[in-house]
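Before any comments, here is the structure.
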Amino acid sequence: LQPFWFRRGHWSEGRRWLEESLAMDSGATQNQFFRAKALYEAGMLARFQGDFARARMLCEQSLASYRALADKMGVLKALEQLSRISAFQEDQTARNAFLAEAASLIETIPDSIVKADAYTDMAIAMIGHRVMQALYPPEAARYLHESERIQRALNNPTGLALALMHLANHALFTGDYSRAASQLDEAERVVMELEI
């Protein structure tokens with residue numbers, strides 16, 4: 001239900017259900033994969049509500065669980081989420097550490113929507129405060145292009161629209177206005193097709 005809660009804006013309801021479920025079982029009997037996923041999803045919803053301390057705690061627990069399960073995709077998701085959270089907390093040391101580990105892990109994972117989405121989120125975490133300082137990390141642009149490539153290959157319109165939007169922001173930043181317009185037009189077209 002987390003994608004439904006997230007996309008429809010039912011963040012409080014989703015957090016309540018997830019946190020109540022997590023509180024019912026300390027992990028002793030619950031399937032550890034589902035616990036790791038519930039921790040991650042509750043942390044993501046907490047981030048979107050601006051509760052960064054709680055989000056970080058939940059995602060750090062999720063990361064520990066995914067590590068124990070040797071679940072590379074889960075570890076990657078938790079790392080990219082933690083990089084976003086620590087960027088909001090202005091903890092650049094932690095953000096850089098999470099990004100560095102995610103960057104070393106992402107290349108070992110086969111193409112998937114999770115990998116493509118992680119590329120986008122890693123780019124966003126990298127950009128953050130640097131754009132305010134008139135800097136745009138070249139690695140962030142590469143991550144966005146990788147996300148676009150994978151989203152197209154896997155025919156994932158939602159992820160493609162998000163990647164295109166951020167690529168358009170990059171084009172605007174570099175002064176390539178025609179490319180930005182083209183990417184925004186395509187992103188709009190993709191989103192409009194989703195609504196049909």
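Please work out if Phe33 is open to solvent by 60 Å² or more (accessible area, probe 1.4 Å), closer than 20 Å to Tyr119 by Cβ, touching a helix residue (DSSP H, G or I) at 6+ places or on another chain (Cβ under 9 Å) and aromatic (Phe, Trp, Tyr). Answer is no for this residue. A residue that is closer than 26 Å to Ser112 by Cβ and either touching a strand residue (DSSP E or B) at 6+ places or on another chain (Cβ under 7 Å) or part of a loop (DSSP other than H, G, I, E, B) (or both) can be found somewhere in region 71-81.
Within region 47-64, being modelled with pLDDT under 95 and in a helix (DSSP H, G or I) holds for Arg47, Phe48. Among the residues making up region 169-193, those that are open to solvent by 70 Å² or more (accessible area, probe 1.4 Å) and in contact with a helix residue (DSSP H, G or I) (Cβ under 6 Å, 6 or more places away or on another chain) are Leu172, Arg179, Leu184. Scan region 18-36 and tell me whether some residue there is part of a helix (DSSP H, G or I), basic (Lys, Arg) and within 14 Å of the chain's Cα centre (by Cα). For region 18-36, residues part of a helix (DSSP H, G or I), basic (Lys, Arg) and within 14 Å of the chain's Cα centre (by Cα): absent. Within region 150-168, how many residues are free of Cβ contacts under 8 Å to residues at least 12 places away in the same chain and either among the β-branched types (Val, Ile, Thr) or in a helix (DSSP H, G or I) (or both)? Adding up the residues that qualify gives 1.
The values are calculated or read from the model by the stated rules, or taken from the named source; none is laboratory data. Since the model is a prediction, treat every value here as computed from it, not as a measurement. Glycine gets a Cβ as well: all are built from the backbone with ideal geometry, and neighbour counts include every protein chain shown. Surface accessibility is based on the protein's heavy atoms, side chains included, excluding ligands, DNA and RNA. Shrake-Rupley method; radii C 1.70, N 1.55, O 1.52, S 1.80 Å.
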